[in-house]
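Below: one structure in structure tokens.
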Amino acid sequence: MAESAPVLELSDLETWSRPGTALAVLGHPIKHSISPAMHNAALARLARDDARFARWNYVRFDIHPDALPRALELLHAKQFRGVNLTVPHKIIAFDRVAEIDPAARPVGAVNTLRWSPRGWHGFNTDGYGLATAIGETLGLTLQGTHVVLLGAGGAARGAAVECLQRGCASLWIANRTQENLDTLLSVLRPLAGAIPLHGFPPDRLPGGLPTGSLVVNATSAGLKPQDPPPIDLATIPSPAGVYDMIYNPPVTPLLAQAARLGLPHANGLSMLIHQGARALEIWSGASVPVAAMRQAAEQALGRTHP
Ligand code: NDP
């Protein structure tokens with residue numbers, strides 16, 4: 001089974017000689033990643049109609065951040081077709097690629113690399129994953145929508161750039177630590193153009209917050225059951241929907257409050273699936289079987305999601 005695929009290490013890469021077309025995810029830790037399950041299910045589905053994909057395989061490596069430069073060098077030398085990067089590698093890898101997709105440049109992080117003779121070509125598919133997931137689960141578009149974004153870390157930066165690039169109506173960012181919020185706002189200001197951009201502490205809502213906004217949680221508050229919700233949804237004027245990037249656990253305190261208030265809501269599994277689907281499309285050029293990826297992801301998590 002793909003989800004029980006072994007966790008490989010740098011030493012496995014040093015001696016790598018497996019035949020076929022290899023794809024990999026690098027993280028530290030990596031043992032909870034469901035990406036191998038999702039991607040290998042999609043590859044098996046693609047192989048039914050196109051024998052070329054029968055020799056494609058997606059594996060996972062636990063790579064310490066200090067070893068990332070060596071790992072990327074080896075993966076390139078061994079001609080891995082593509083690489084996914086997860087915590088903590090997305091930002092470190094940004095400066096180590098030969099070419100960057102223009103849309104990924106303001107994000108300052110890459111989650112997808114494609115092999116090219118000159119070196120790695122870096123992309124960031126998280127923003128696409130978020131936008132597609134919001135459309136699929138909540139029926140909302142980022143374009144023309146007022147967005148209340150919670151968090152100022154890496155995921156929030158990617159989400160904020162996507163909101164601005166897609167022309168949201170306004171962007172309101174709440175974060176616990178003012179300094180981190182200010183840093184993010186200074187990065188975003190040149191991208192915002194005419195789009196109103198505001199920052200505020202989550203316990204002090206600003207005046208003028210529009211009704212009908214989309215609330216996106218990009219904090220890690222909710223990963224642990226005892227975490228408090230990152231904001232009190234009851235204080236936001238009639239949100240149109242609540243999207244929590246966290247998918248494990250499937251119901252965070254924020255989503256539980258959204259359900260109590262009768263607000264449309266969804267967890268981050270759909271984002272994970274769509275960022276993965278876009279990465280596979282970049283590597284393969286094929287039309288990706290998203291349903292197979294979703295089924296494998298749900299199975300790997302041991303449950304079905306709404
Ligand atoms: P970072 O560590 O870069 O940022 C964490 C953010 O969460 C910061 O804004 C931090 O605030 C805030 N935070 C942490 N703990 C709390 C708390 N108890 N209360 C309020 N705010 C808190 O993490 P990432 O940006 O990389 O990831 C954020 C979340 O997004 C994670 O849960 C991750 O799993 C999820 N994610 C999901 C994806 C998907 O595909 N579904 C893709 C990428 C990320 P402060 O500045 O005050 O420290």
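The values are calculated or read from the model by the stated rules, or taken from the named source; none is laboratory data. None of these values were measured; they are calculated from a predicted model. With ideal geometry, Cβ positions are generated from the backbone for all residues, glycine too; neighbour counts draw on all protein chains shown.
Could you check region 1-104 for strands (runs of 3 or more DSSP E) lying wholly inside it with 3 or more residues that are among the aromatic types (Phe, Trp, Tyr)?
Because the criterion is at least 3 residues that are among the aromatic types (Phe, Trp, Tyr), the strands (runs of 3 or more DSSP E) in region 1-104 that meet it are 56-62.
Just for region 17-30: of the residues that are touching a strand residue (DSSP E or B) at 6+ places or on another chain (Cβ under 9 Å) and farther than 24 Å from Ile92 by Cβ, which one is surrounded by the most Cβ atoms within 10 Å (Cβ to Cβ)?
Ranking the qualifying residues of region 17-30, first place goes to Thr21.
Please enumerate the residues belonging to region 152-210 that are modelled with pLDDT under 95 and on the phi > 0 side of the Ramachandran plot.
Once the filter is applied, which keeps residues that are modelled with pLDDT under 95 and on the phi > 0 side of the Ramachandran plot, region 152-210 yields only Gly208.
Tell me the residue from Gln295, Gln275, Gln257, Gln299 that is over 19 Å from Val147 (Cβ atoms), touching an Asp or Glu at 6+ places or on another chain (Cβ under 8 Å) and not in a loop (DSSP other than H, G, I, E, B), please.
Every option except Gln299 fails the conditions.
Now a separate question. Restricting region 47-70 to residues that are within 25 Å of Ile91 (Cα to Cα), of a type in the set (A, V, I, L, M, F, W, C) and touching a strand residue (DSSP E or B) at 6+ places or on another chain (Cβ under 6 Å), which is surrounded by the most Cβ atoms within 10 Å (Cβ to Cβ)?
Ile63
Criterion first (farther than 26 Å from Ala266 by Cα and of a type in the set (S, T, N, Q)) does Ser213 satisfy it?
So Ser213 fails the test.
Of these, Leu181, Leu188, which one is in contact with a helix residue (DSSP H, G or I) (Cβ under 6 Å, 6 or more places away or on another chain), assigned to a helix (DSSP H, G or I) and within 16 Å of the ligand (Cβ to nearest atom)?
Leu188
Residues are listed down the side, and each one gets a yes or a no for (1) more than 16 Å from the chain's Cα centre (by Cα); (2) not in a loop (DSSP other than H, G, I, E, B):
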residue	(1), (2)
Gly158	no, yes
Gly167	yes, no
Ile173	yes, yes
Arg176	yes, no
Ala194	yes, no
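Among the residues of region 202-222, write down those that are within 10 Å of the ligand (Cβ to nearest atom) and part of a loop (DSSP other than H, G, I, E, B).
Pro202, Ala218, Thr219, Ser220, Ala221, Gly222
What residue, among those in region 248-279 that are away from the ligand (no atom under 11 Å from the Cβ) and under 14 Å from the mean Cα position of the chain (by Cα), is nearest to Arg294 (Cα to Cα)?
By that ranking, first place goes to Ala277.
Within region 31-46, can you find the residues that are farther than 11 Å from Pro289 by Cα, modelled with pLDDT of 95 or more and either hydroxyl-bearing (Ser, Thr, Tyr) or surrounded by fewer than 21 Cβ atoms within 10 Å (Cβ to Cβ) (or both)?
The one that is farther than 11 Å from Pro289 by Cα, modelled with pLDDT of 95 or more and either hydroxyl-bearing (Ser, Thr, Tyr) or surrounded by fewer than 21 Cβ atoms within 10 Å (Cβ to Cβ) (or both): Ser35.
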